[in-house]
Amino acid sequence: MTQQKSDNHEAFQRWASRIMEEHGQDRGHLILKSLIEECGGCRLRLPDLQDLYREERDRFIRAKFHGDPKQYDEFAVNFNLHVRQVRRIIHGD
């Protein structure tokens, strides 16, 4: 087994053990089974937490934007972004 496959296998085993611990054996098995049914045999690249938080932040900003130009500045301050970044998030530029 290559080093990368070994690392991936170990990461999956750690995750599976955590799922069993946090959700119990029965529910943990159902979660693992559903993942394997949907993605078994696929190569997956999972986002890191920073990517996940960024996606949540961007969804929040788009949902809360109501067209008021003052909101660009408010979001920039609240999320420590440049106004230009806020505009890109909202308008997809």
Item to check | Looking only at the stretch 76-90, and only at residues there that are among the charged types (D, E, K, R) and more than 20 Å from the chain's Cα centre (by Cα), the one that is surrounded by the most Cβ atoms within 10 Å (Cβ to Cβ) | outcome: Arg87
Checklist entry - Any chance the stretch 47-56 includes a residue that's farther than 30 Å from Ile89 by Cβ, modelled with pLDDT under 90 and surrounded by 11 or more Cβ atoms within 10 Å (Cβ to Cβ)? => result no
Next on the checklist: Any residue that is surrounded by 13 or more Cβ atoms within 10 Å (Cβ to Cβ), in a helix (DSSP H, G or I) and over 17 Å from the mean Cα position of the chain (by Cα) - is there at least one of those in the stretch 31-45?
Outcome noted: yes
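The values are calculated or read from the model by the stated rules, or taken from the named source; none is laboratory data. These figures come from a predicted structure and were not determined experimentally. Heads up, the Cβs are rebuilt from the backbone with ideal geometry, glycines too, and the neighbour counts pull from every protein chain shown.
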